[in-house]
Amino acid sequence: MAALSGCAAPTGAPTAAATPAPSVSVSPSPMRVITISIPRAASAAPALRNTGTSWLPILTSLSAYGQWLLANPDPALVGTVATPGCAVANLLSDQIDGLLGSRAHVRTAPATITSVVGPSPATGSRVVLQVIASRPAEPVLSRANVKTISTFGAYPQSALQVTLDLGADKHWRFCSIESTTDAGAADDPSVPLI
């Protein structure tokens, strides 16, 4: 029975007790800190037009600034166009961190926004806009030798639901960009329109 179950049958011979390994005292070495330098911007940031309720210019302006950030990665500027803690801020921060870690930037192409429907006047500090937009593919380039190392895939023309938050400074910022066919789960990533 012991052979069938995979267990060894007792042999009756005494077994030697395991001797514990001697303890070794090791002092921890400090973690190596890797500093990633933020490259100087290759161009001036585009002016933001993110006040009022003229939704098409607001979305075009926010998107252009987000695209500029991918071309000139600086994580300190994400809050300029995206509400901290929201899906767009998380996605943009991840993209910028990846670009900085890879010593790369994106040769951006503007998003094409063909339709925007939203409330006018806006009530409250959050609005949901119905948008039709697309974005062509964008090459990711090495800063060292300007060679293409990857590509941000194109985003085909799609119907989107864009949520904007109004900050205390009365400027709108992205919170989320979702496909209208999205199931709406809270942990769904934002659409990479910018």
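Derivation of every value follows stated rules applied to the coordinates shown; laboratory data play no part. If you're wondering where the values come from, they're calculated on a predicted model, not measured in any experiment. FYI the Cβ positions are ideal-geometry reconstructions off the backbone, even for glycines, and counts take in every protein chain you see.
Numerical summary
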read-out: Relative packing of 119-131, 150-162, which averages over residues the other C-beta atoms within 10 Å, highest first; value: 150-162, 119-131
read-out: In nm, spacing of pseudo-spin labels at Lys147 and Ser102 (7 Å Cα→C-beta vector); value: 1.4 nm
read-out: Residue-count net charge about Pro75 - beta-carbon cut-off 11 Å; Lys, Arg +1, Asp, Glu -1; value: -3
read-out: Separation of the Ile38 and Asp94 label points, Cα + 7 Å toward Cβ, nm; value: 2.2 nm
read-out: For Ala109, distant residues with modelled amide H under 5 Å away; value: none
read-out: Residue-by-residue Karplus 3J(HN,Hα) for region 142-158, coefficients 6.51, -1.76, 1.60, Hz, glycine and proline x; value: 5, 5, 6, 10, 6, 8, 6, 10, 6, 8, 7, x, 5, 10, x, 3, 8
read-out: Per-q log10 I(q)/I(0), region 60-194, q = 0.12, 0.22 Å⁻¹ (Debye; single scatterer per alpha-carbon; no solvent); value: -0.46, -1.43
read-out: Förster-model FRET efficiency, 41 Å R0, Ala137 and Ala76, C-beta, rounded to 0.05; value: 0.90
